[in-house]
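Only one structure is covered here, and it is reproduced in the block below.
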2 protein chains.
Amino acid sequence: MVVRRLRSLSALSDPELELLRNLGDRRERHASGEELAAEGGLSGRPRFILSGWACRQRVLPDGRRQIFSFLLPGDGLGLSRRPALELSTTAALTALETVDAQPVLQAMQAGNAPGLGRALATLETLEQMLLFDHLVRLGRQTAYERVAHFLLELQRRLEIVGLGDDQRFPLPLTQEILADALGLSIVHVNRTLQQLRRERLIELRSGVAILLERERLANIADYRLPPPRSAPASPTPRRNGLEDSAQL
Amino acid sequence: MVVRRLRSLSALSDPELELLRNLGDRRERHASGEELAAEGGLSGRPRFILSGWACRQRVLPDGRRQIFSFLLPGDGLGLSRRPALELSTTAALTALETVDAQPVLQAMQAGNAPGLGRALATLETLEQMLLFDHLVRLGRQTAYERVAHFLLELQRRLEIVGLGDDQRFPLPLTQEILADALGLSIVHVNRTLQQLRRERLIELRSGVAILLERERLANIADYRLPPPRSAPASPTPRRNGLEDSAQL
DNA sequence: CGCTTCTTTGACGAGCCTCAAACTGAGTGG
DNA sequence: CCACTCAGTTTGAGGCTCGTCAAAGAAGCG
């Protein structure tokens, strides 16, 4: 999972791969709904996600909530060492399994992991790109476009780490969570999904999404995918990212 | 300007201050509307803004535009060395004056500018906080709240660098730019501003904004200011940040 | 089976957008 | 000094998108 994600960002040397594969101990499990860190920077507890979904969000005093980003298997939490402010909270959306990423950061600081350094730098850039995409969705797209764009983003991200294929992927989110991410009401998310289904663009049932017509969706949402960084991921036994125990 | 901004983030040693003050050469001027860098990372041309306003934005193929953030005097462009992707473009909103920030980055890499390192790290964190604030505005606030929140943010940021006081500040933006930042139509921005004026919460004329009732605005918009980092800025001869020649 | 959580549907209204046009102010040139 | 233009602001009318309220199904779970 993590190996796969980082390799998609930069070539890694054998010792670097070895380091990643040895991260296996120091695993941790978190229940759905658990708060992983009060701060945005998560300073001091850098981790990788092995399985499950989390999100970064802010809750307003009147109960409104805005989700900033989703964290999927292979993504990192708190990898950038920044002074922490109350930027956002990170919460597990499903049961979650993580590993300590500290050894990776140490190797980088010691200077003997240039590939990992590049990979993590690119990871940060990509995260920022996702934030920008999200701003465009919220600021300049209709509900219909937002949902389509968001589903395409998830499809792509999950395919990269080997969860799902080019049209099918796990989607363990309630419509309330979608609403809080996309800046819509639950009811309107529901109606929008129905419309996409009625038009045979997507299918959605029991935690699995299927993009029936990716091309048309991409046109609707003006979805442009990031330029590929390295060799495309090789086919892998399909997993849904929500198993009890996940690989690195 | 730059000195003031960075000092508000971290204590700086005398040599560090000296370094900043010697940045003066290698100034550059940019006309309003000019594109400063095609990429988000701006890699290779790190700069500080001495005077004028810029923004980071993305333009959709159908002409819609979303502004991600505003860059004010004292802010940096392309300071983080990230692999550049087509994340966003940076454009000057007014005539702009910048200086090369390369010497600062070099001193940091050489390891002999810990204060500057902290300052720039905090700067990045604050930038991300602004992005999150922006996401909340776009996703979960009404037009009325958005405008109020945004004006409060600008007031605070400009006060920190000594432009304007606790209720008055320069605002060289057209309503079209406001609309593209706040995810609204020009017409609706106009109506919202009128409402705020009618209710005697703000005044707006010829490039200057006045927040008549900051407290009430802050309540309306649920605006919470970031925790202060160091001593409050000392009073300074007021400037509007748009002069022909600006100080460091 | 009965609870809770999630999804779905309907009715209604408010917020915001679009279109269109008038108005203002700052140049620019005759 | 007066058209004239051009960018920006303001106003009105009308309509679509999306939110709110309410309640009825489904679906998971002990």
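Summary table
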| quantity | calculated |
| --- | --- |
| Chain A, rotation onto B, residue closest to that axis via Cβ, with its distance in Å | A:LEU138, 2 |
| Max mean-square fluctuation residue, GNM over chain A, Cα-Cα springs under 10 Å, options A:LEU225, A:LEU96, A:LEU193 | A:LEU225 |
| Hz values of 3J(HN,Hα) by residue in segment A:87-104 - Karplus curve (6.51, -1.76, 1.60), Gly and Pro given as x | 7, 6, 10, 10, 10, 6, 8, 9, 4, 9, 10, 10, 10, 5, 9, 3, x, 5 |
| At 7 Å out from Cα toward Cβ: A:GLU124 inter-copy label distances (nm, ascending) | 0.2 |
| Backbone N under 12 Å from the A:LEU204 label point (7 Å along Cα→Cβ), restricted to segment A:155-171 | A:171 |
| Stokes-Einstein D (µm²/s) once Rh is taken as the Kirkwood radius of chain A over alpha-carbon pairs, at 4 °C in 1.567 mPa s | 70 |
| For B:ALA95, distant residues with modelled amide H under 5 Å away | B:SER32 |
| In nm, spacing of pseudo-spin labels at B:ARG224 and B:ARG45 (7 Å Cα→C-beta vector) | 3.9 |
| Span from the segment B:78-118 Cα centroid across to the segment B:1-30 one, whole angstrom | 12 |
| Inter-copy label distances at A:GLY63 (7 Å, Cα→Cβ; nm, one decimal) | 4.2 |
| Where a label projected 7 Å from the Cα of A:GLU215 along Cα→Cβ would reach, residues of segment A:132-148 with amide N under 20 Å | A:148 |
| Total formal charge among the other residues, if their Cβ is under 10 angstrom from that of B:GLU159, Lys/Arg +1 and Asp/Glu -1 | +1 |
| Shortest-first nm distances, B:SER13 label point to equivalent points in other copies (7 Å, Cα→Cβ) | 3.2 |
| Per-residue Cβ neighbour rank within 10 angstrom, fewest leading, B:MET129, A:MET108 | B:MET129, A:MET108 |
| Isotropically averaged projected area of segment B:108-150, using the convex hull of Cα atoms (one quarter of hull area), nm² | 3.4 |
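Throughout, read-outs are computed from the coordinates displayed, never taken from laboratory work. Given the structure is predicted, the values throughout are model-derived calculations rather than measurements. We place every Cβ from the backbone using ideal geometry, glycine too, and count neighbours over all the protein chains shown.
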